[in-house]
Structures are given as C-alpha cells and as structure tokens.
Amino acid sequence: MNETPMTPERFRHLADAYGASIERWPEAERAAARALIARGDGGALAALAEAGALDVFLAAHAVEAPEPALIRRIVDRANPRPVWKSPRVWFSGAGFIGVGAAGVAAGALAISMLGAASAPTFSDPLWPGTAFSGAPADWSEQ
C-alpha cells in the first residue's frame, strides 16, 4: 500500500487515466484516493466529477451492427486459399534462394580469380619480403 498522502494533481492524473470508478484504479493508489475524497478536497472532487461525466459520455456510445450486405461483400472478397498455399509465395521464396546462390557463386569465383593471380609460382623467390632482402653488403666482410 502507498503510505504517502495523495496530492490533488496525482488524483486528477489518475482520474483522467482510469475514470471516476476508483475500483478501476491501481490497487496501490486506491486507499490514498479514498482518503483524499474523505477529506473533502475540492480539486479531487472536481476531477472525480469531470471523470464521471466523461465515463457517462463514453458509455453512451454504441456501434451499430453491420448490414447484411456489408457482411456479404466482406466474405465475398475474402481469399478462400491460405496465403502459405499460394504459389506466388513459393516462387518469391525460390527467387530469394536463387539470388542468394548466385551471389555466393559470384563471390567464390571472384575470390578464386583474385587469389590465383597473386599466388607466387615455384620459380619466384620467396625472400624479397623479408629482412634479408636488399642488403647492400655482405656483413661478414666487415
């Protein structure tokens, strides 16, 4: 339970959010709200009256039942086959798989072509990229 007293601003906020029936409010707020009403706070009573008027207005609204002609048009336009059984769904999935496979094949081909062009042959010296390449003199003679 909430031990702090409720302010009229908090009461108004809750009344705007949950309506005039305190039973619909969060349980932790109910006792403090009832205590504020019992003290006769004018702001709380005004907020409760405004929320009650809005509740009455909203409760008076009713939606008419649809006409049979509207129901018939909706049912006639409904798709009798499930979407997952439609061949278009399978074709679109096959298209995505085909595009993905083509991308993998193109990438593998490009990598194999670029990789083969840069590989050293048997006759190429392997030492030019080491610390021993390009030494100006033989150090053993010094």
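So, in the stretch 1-31, exactly how many residues are assigned to a helix (DSSP H, G or I) and either among the small types (Gly, Ala, Ser) or in contact with a helix residue (DSSP H, G or I) (Cβ under 7 Å, 6 or more places away or on another chain) (or both)? Residues meeting the conditions: 14.
Inside the stretch 32-50, can you point out the residues that are closer than 13 Å to THR7 by Cα and either assigned to a helix (DSSP H, G or I) or of a type in the set (Ser, Thr, Tyr) (or both)? Hits for the stretch 32-50 are ALA32, ALA33, ARG34, ALA35, LEU36, ILE37, GLY42, GLY43, ALA44, LEU45, ALA47.
Read-outs throughout are calculated quantities, based only on the coordinates presented, and are distinct from any laboratory measurement. Keep in mind that what you see is a predicted model, and the values were worked out from it rather than measured. All Cβ positions, even for glycine, are placed from backbone atoms using ideal geometry, and neighbour counts span all protein chains on display.
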